[in-house]
Amino acid sequence: MRCVIARFPFELSKNGVLETMKDVKPEPVTGEYVVIGRREYPALQVGAVITRQDRRDFSAREVVRAMTRLGFTCRTRPAVTVGTGRQADDPLGTSMIA
């Protein structure tokens with residue numbers, strides 16, 4: 001299937017992507033990711049491996065669009081929220097006011 005990533009056309013197939021990614025170790029996922037086999041790969045890692053281009057040349061959205069068209073499952077990992085430092089019995093943080 002013809003897919004455009006970073007303004008360049010690529011002829012990609014599901015089997016070709018599976019073959020290319022089989023020996024690649026997944027990086028930690030923080031945002032959009034593609035499920036290939038049983039592994040979750042960051043979208044930018046997949047794009048960099050299959051296009052051999054720098055990750056700054058394309059967006060995760062472009063890769064997700066192409067991988068979805070090929071039949072791969074793509075998702076977004078929710079951002080981890082950092083604690084506010086408030087205690088459960090003081091939800092407004094009023095005890096911190098001096």
(message) So if each residue of separation counts as 0.36 nm, and I subtract the Cα-Cα distance between residue 2 and residue 39, what length gain in nm does that give?
(response) 10.9 nm
(message) What is the percent carbon and sulfur in the accessible area of the stretch 14-83, measuring with a 1.4 Å probe over the protein chains and ignoring ligands?
(response) 48 percent
(request) Any chance you could look up the accessible area of residue 14 with a 1.4 Å probe, heavy atoms only, rounded to 10 Å²? (result) 90 Å²
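The values are calculated or read from the model by the stated rules, or taken from the named source; none is laboratory data. Keep in mind it's a predicted model, so treat the numbers as computed, not measured. Ligands, DNA and RNA are stripped out before the accessible areas are found, and what is left, the full protein with its side chains, is counted by its heavy atoms. Shrake-Rupley method; radii C 1.70, N 1.55, O 1.52, S 1.80 Å.
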